[in-house]
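The values are calculated or read from the model by the stated rules, or taken from the named source; none is laboratory data. All of these numbers come straight from a predicted model, not from anything done at the bench. Backbone-built Cβ (ideal geometry, glycine too); neighbour counts: all protein chains shown. In case anyone asks, the SASA skips ligands and DNA or RNA and just uses the protein heavy atoms, side chains included. Shrake-Rupley method; radii C 1.70, N 1.55, O 1.52, S 1.80 Å.
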There are 2 protein chains.
Amino acid sequence: MKFTINKFDDKSNARAGVIETAHGKIETPIFMPVGTVGSVKGIHQHELADDIKAQIILGNTYHLYLRPGTEVLHEAGGLHKFMNWDKPILTDSGGYQVFSLAETRKITEEGVKFQSHIDGSKHLFTPEKVVDIERIIGSDIMMALDECTPYPADYEYAKNSMELTHRWLKRGIAHFKNTQSLYGFDQTYFPIVQGSTYNDLREQSAEFIAKQECEGNAIGGLSVGEPTEVMYEMLDKVNAILPKDKPRYLMGVGTPENILEGIALGTDMFDCVMPTRNGRHGLLFTQNGTINIKNKKWEKDFSPIDPQGTSFVDTKYSKAYLRHLIKADERLGAQIAGIHNLAFYLDLVKQARQHIIDGDFASWKNQMVQKLRNRL
Amino acid sequence: MKFTINKFDDKSNARAGVIETAHGKIETPIFMPVGTVGSVKGIHQHELADDIKAQIILGNTYHLYLRPGTEVLHEAGGLHKFMNWDKPILTDSGGYQVFSLAETRKITEEGVKFQSHIDGSKHLFTPEKVVDIERIIGSDIMMALDECTPYPADYEYAKNSMELTHRWLKRGIAHFKNTQSLYGFDQTYFPIVQGSTYNDLREQSAEFIAKQECEGNAIGGLSVGEPTEVMYEMLDKVNAILPKDKPRYLMGVGTPENILEGIALGTDMFDCVMPTRNGRHGLLFTQNGTINIKNKKWEKDFSPIDPQGTSFVDTKYSKAYLRHLIKADERLGAQIAGIHNLAFYLDLVKQARQHIIDGDFASWKNQMVQKLRNRL
C-alpha cells in the first residue's frame, strides 16, 4: 500500500491524498460503504461503482466468518471474486461485532469466546485467528483485533482494555508478518487506537500504535455514545500523535457533519451504516439538510428527490413516490434511499477533497455544516 | 387499443400478435410483471425496461387505492408519471384482493364492502367506483370488477357468483363509456370470464363476455387451487368462445410451464407474482429446470447463475454468491433472484413468440416443458 498526500489544508488539519492498493486507487478523504455480509444492503455492485462512485467498501470479518464461512470464501478465491467487486476492500476485525454480543462472549488474554448470533455455536477469535480469516477474505486492508471499549467505561476498565488491545496487536502484527497473502496480491494491516474518553489513555494508545509503523492507523471506540464534542477532542488528540504521512481511519463514523469535522481534524477514512440504515427509515441526507421523507409535507411533492444529487435515483424518482414506497414498506424505497444517501456521502467527501486542493476547505466546511443541520 | 395477429400456429391455438396502446406496443404472447403497490418488488424501473425487457406491468387497484390513494395519484397525473414508467400499465380491478379478505368483506348487489388490511378502515368498491379509480390511476388496460369465485365452489354458488360478475360488468361498461380518460390518452376496459370449474358456466360466461365486444377479454378464477388439468380444460373451452381477433388474458397464471401451455391454448397475456415471490425464497427458473439455490449443492458452485440468462445478474453473480445472500437474508439476494426470474419469464414468452412465427412452436413447447420440469 502506498499513501501520497497531494495537499495539506492551511486552516485545518485536513489533507487530500491517494491510497494505492492492489485493487486500485482511493482518493482521500474517503467514505467506505459498509457491506457487512458481502453485500451493501440492497445495492448492486455496479450501482456501487457507477452510481455511488464507491472507491472502497467494507466487509465484516465476524459476519463473513459465520456466513458464508472461510471454506467457501477460500474456494472462491477471496471476497473480491466471491462478490464480483474488483476495487479495494477493508475488513473490520470483528471486534466491534463480537463485543456487541455482550451476554454471549467472554474476553480472556487468549482472545474472545463468543456464540454465533445465528445458531448459538461457540467460537474463539484470537488476534492470530482474525489475521488468518482476513487472509482468506483477501481484504486489501485488514484491521487488527481490538476490544472496542464500551462507553461509559471507568478508568481502570478503559486502561486494562486498551492494554489488552495493545498486547493483542503485538501478536496480530507478528502473525501478519509470518503469514502471506493467499491470492498473490498485497494486503496491509491497520492497528486501532483505543483508550475510551481519557486523554492520557488516548495519548498512550496513539503513541503505542504509532510506534508499530503500520502503513495506516485507525481510531476505534468513538461514536459509541459519548458526546460529539468529546469525540472530536479525542480525535484531535490522537491525530496529533499518529504519523502525518499515513492514512488515519475513524471507525464507524458517522453523520455527514461528523465526517466533515473529522476531515478537518486530519482524518482520511470513514465508514458507517448510517446512509443505508437511515435510508431504510426514510431519512435522506442532502446538501441543504435532512429530509424525513415519511413526513406528510412530501406526500404530494412530485419534484425530484434531490436535484443536486449525483445518482440516477435523484432525478428519476420524485419525493412523493419515494415517500409512498417507504410508507408502504416496499423494498424499492430502501434501495432508492440507500443509493441516494451513499451517493451523497461519496459526493460530500469528493467535494471536501476538491476544496482542500482548492485551498478553501475550512470556510466551505463551516458553511456546509450549517446547511447540513437543517431539517427540510 | 389495437390488436394485430401476425401469425397463427398450425399445430396449436397459439398466436403471435402486437397490442398497440397509448404507451407503446406490446408483443404477444406477453408476461406482465406485477407491480402491486406501484413498484415491482425490489426492481428499479430502468431494470424492468432494460434488463428484464418488460413491455407492460401490472398495478393493483385495491392496493393503489389504499396507498398512495387516489388524491396523490390524481395530482401526480396518474401512475405512469407517479412511478416514472412510460410503457403500458394494466390494472387489476381489486376483485381478487378484496375477495382474499374473506373475513372482513361483504358482497352485495351494489358492490363489495371491505376493511383495509392496513388500518381496518371501511370501504366500498362498486363496478362504477373501480372504473373511477382506474381512470385516476390512468392504466392503459382497466379490468372490470368481478367476484373471483373461490375454489372449490358448489354449483349454486358458482352460478350466482358468475351472474353477479356479469351484472357488475354491464354497470362497469356503462360507466366506462360515460367517463373519460383524465390524462388525454386512451384507456380500454377488459371484462373477466368466471364460472369456476363448471363447463356449462364457463361456456355461458365466455359467451356473455364475448358479446360485450370489449377490446380484449380476461379469464379469471383459475389457478386458485383447482388441478392444473382442469385449469387447462377450462381455458381451452373459454378460449374457443372468446373472439379470436382480440387479446385473451389469463389472470394470475403461473409457472413457466403453465404459461407455455396457456399460449398453446390461445392465450396472449399472463401475470403472476411467482417470479419475484419464489425468487425471494431462492427458487430460480431456468431453461434447464428449476434451481433451489438454498440447496447445499450450490454452496461452492462459483459458476454464473445462468449462462443462458439474458440479464446482467446471470453472468455477474455466481450461484454460490446468490445462495449466500438468500441464506443470509440479504436484500440483494431477492433483488438478483427477482431480476433473473422476471428476465427469464420475458425471454420465455419472447422465444415462444419467435417459434410461433417460425412455425415450430408446438414441438419447441413440448421439449421445453419437459426441460422446465427438471429440478437441478
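If you project the alpha carbons of segment B:199-247 onto the principal axes, what extent comes out on each, in Å, largest first?
That gives 30, 20, 15 Å along the principal axes, largest extent first.
Considering only DSSP beta bridges where both residues belong to chain B, give the percentage that are antiparallel (nearest 5). Please list the in-between numbers first.
Details: 23 of 44 bridges.
Around 50 percent of the beta bridges assigned by DSSP in chain B are antiparallel ones.
Heavy atoms of the protein only, probe of 1.4 Å, neighbouring chains included. What is the accessible area of A:S311 in Å², nearest 10?
My reading of the accessible area for A:S311 is about 10 Å².
How much of the pair distance distribution for the protein assembly as shown lies past 40 Å, counting alpha-carbon pairs only, in percent?
When every Cα pair of the protein assembly as shown is considered, 42 percent fall beyond 40 Å.
Using a 7 Å offset from Cα along the direction of the beta-carbon, what are the separations from A:H46 to the same position in each other copy, nm, ascending?
Ordered by distance, the counterparts are at 1.0 nm.
When the helices in the protein assembly as shown are scored as -39500 (n - 2.57) per DSSP H run of 4 or longer and the sum is shared across all residues, what 222 nm value do you end up with, to the nearest 500 deg cm²/dmol? Don't skip to the end; give the middle numbers.
On the way: 28 runs with 312 residues, N = 752.
For the protein assembly as shown, the value works out to -12500 deg cm²/dmol.
If you put +1 on each Lys and Arg Cβ and -1 on each Asp and Glu Cβ, how big is the dipole of the protein assembly as shown around its Cα centre, in Debye rounded to 20?
Around 80 debye, computed over the protein assembly as shown.
Need the list of lysines near A:K371 for cross-linking: C-alpha distance under 19 angstrom, and skip anything on the same chain fewer than eight residues off.
In chain and number order, the partners are A:K350.
Considering chain B as a Gaussian network with a 10 Å cut-off on Cα pairs, which listed residue, B:E110, B:E203, B:E134, attains the greatest mean-square fluctuation?
In this elastic network of chain B, the residue with the biggest mean-square fluctuation among B:E110, B:E203, B:E134 is B:E110.
If you average the sequence gap of Cα pairs under 8 Å that are 6 or more apart and divide by the length of chain A, what percent do you get for the contact order? Don't skip to the answer; put the middle values down first.
Values: 762 pairs, mean separation 68.7, N = 376.
About 18 percent, as a whole number.
Quick one: with label points 7 Å out along Cα→Cβ, list the inter-copy distances for A:Q308 in nm, shortest first?
Those separations, rounded to one decimal, come out as 5.2 nm.
With springs only between Cα atoms under 10 Å apart, run a GNM on chain B and tell me which of B:G225, B:G216, B:G17 wobbles the most.
For chain B, modelled as a Gaussian network with Cα springs under 10 Å, the answer is B:G225.
Where the accessible area of segment B:225-302 is counted over protein heavy atoms with a 1.4 Å probe, how much of it, in %, is carbon and sulfur? Write down the numbers at each step before the final one.
Values: 1340 of 2740 Å².
Exposed carbon and sulfur together represent 49 percent of the surface.
Nearest 5 is fine: what % of DSSP beta bridges in the protein assembly as shown come out antiparallel, could you say?
Details: 46 of 88 bridges.
Counting DSSP beta bridges with both partners in the protein assembly as shown, the antiparallel share is about 50 percent.
Accessible surface of B:K300 in the full protein assembly, 1.4 angstrom probe, to the nearest 10 Å²?
The accessible area of B:K300 comes to roughly 70 Å².
Only four residue types carry charge here, +1 at the Cβ of Lys and Arg and -1 at the Cβ of Asp and Glu. Report the dipole size of chain B about the Cα centre in Debye, rounded to the nearest 20. It would help to have the intermediate numbers written out before the result.
Details: 44 positive and 48 negative charges, 188 e Å.
Computed charge dipole of chain B: roughly 900 debye.
Please report how far the C-alpha centroid of segment A:263-312 lies from that of segment B:261-326, rounded to the nearest whole angstrom.
If we compute the Cα centre of each part, the gap is 34 Å.
Taking only pairs that are 8 or more places apart or on different chains, how many Lys pairs in segment A:2-64 have Cα atoms under 24 angstrom apart? Working shown, then result.
Working: A:K2/A:K25; A:K2/A:K53; A:K7/A:K25; A:K7/A:K53; A:K25/A:K41; A:K25/A:K53; A:K41/A:K53.
Close lysine pairs found across segment A:2-64: 7.
Cα-Cα pairs above 20 Å in segment B:1-134: how many percent? Before the final figure, lay out each step's value.
Values: 4819 of 8911 pairs.
Above the 20 Å cut-off, segment B:1-134 has 54 percent of its Cα pairs.
What are the extents of the Cα atoms of segment A:70-216 along their three principal axes, listed from largest to smallest and rounded to whole Å?
In descending order, the Cα extents are 45, 38, 24 Å.
Going by accessible area, probe 1.4 Å, with all protein chains left in place, what is the ranking of A:H281, B:H175, largest first? Let's see the in-between values first.
On the way: A:H281 110, B:H175 45 Å².
Order by accessible area, largest first: A:H281, B:H175.
Give the nm distances, rounded to one decimal, from A:S181 to the matching residue in every other copy, measuring between label points 7 Å along Cα toward the beta carbon; shortest first.
Spacings between copies for this position, smallest first, are 6.0 nm.
Keeping all protein chains in place and using 1.4 angstrom, which order do B:E71, A:E233 fall into by accessible surface area, from largest down?
Working: B:E71 120, A:E233 85 Å².
Sorted by accessible area, descending: B:E71, A:E233.
Within 10 Å of each Cβ in A:33-39, how many Cβ atoms from other chains are there, averaged over the peptide?
Details: counts 0, 0, 2, 2, 7, 6, 10.
Per-residue shielding by partner chains comes out at 4.
Determine the distance separating the Cα centre of segment B:211-249 from the Cα centre of segment A:1-69; give it in Å without decimals.
55 Å
How much space per residue, in cubic angstrom, does the convex hull of the C-alpha atoms of segment A:116-160 take up? Mind showing how you got there, number by number?
On the way: hull volume 5.9 nm³, N = 45.
Normalising the Cα hull of segment A:116-160 by residue number yields 132 Å³.
Going from most exposed to least, what order do B:R105, A:R277 have by accessible area with a 1.4 Å probe? Write out the running numbers ahead of the final one.
Details: B:R105 60, A:R277 120 Å².
Sorted by accessible area, descending: A:R277, B:R105.
Using Cα springs under 10 Å in a Gaussian network model of chain A, which residue among A:T165, A:T61, A:T290 shows the largest mean-square fluctuation?
A:T290
Calculate, for the protein assembly as shown, the solvent-accessible area per residue in square angstrom, rolling a 1.4 angstrom probe over the heavy atoms of the protein chains. Please list the in-between numbers first.
Numbers: 28180 Å² over 752 residues.
Per residue, the protein assembly as shown has an accessible area of 37 Å².
From largest to smallest, what semi-axes in whole angstrom does segment B:233-376 give when each is the square root of 5 times an eigenvalue of its alpha carbon gyration tensor?
On the way: eigenvalues 191, 46, 30 Å².
Values for segment B:233-376, descending: 31, 15, 12 Å.
Could you work out the relative contact order of segment A:100-193? I mean the mean sequence separation of Cα pairs under 8 Å and 6+ apart, divided by the number of residues, in percent. Walk me through the intermediate numbers first.
Working: 105 pairs, mean separation 27.0, N = 94.
It rounds to 29 percent for segment A:100-193.
Rg to Rh ratio, chain B, alpha-carbon atoms and Kirkwood radius? Write down the numbers at each step before the final one.
Details: Rg = 20.2 Å, Rh = 21.0 Å.
Rounded to two decimals, Rg/Rh equals 0.96.
For segment B:157-270, what log10 I(q)/I(0) values come out of the Debye formula at q = 0.17, 0.21 1/Å, with one point per alpha carbon and no solvent?
-0.80, -1.13
So what is the relative contact order of segment B:249-376, in percent, for Cα pairs below 8 Å that sit 6 or more residues apart? Mind showing how you got there, number by number?
Values: 187 pairs, mean separation 38.4, N = 128.
About 30 percent, as a whole number.
Under the rule of at least 5 residues apart or a separate chain, name every residue whose amide H is placed under 5 Å from the amide H of B:D301.
Residues meeting the amide H criterion: B:A320.
Using a 1.4 Å probe and ignoring any ligands, DNA or RNA, find the accessible area of A:K350 and quote it in Å² to the nearest 10.
Probe radius 1.4 Å; accessible area of A:K350 about 140 Å².
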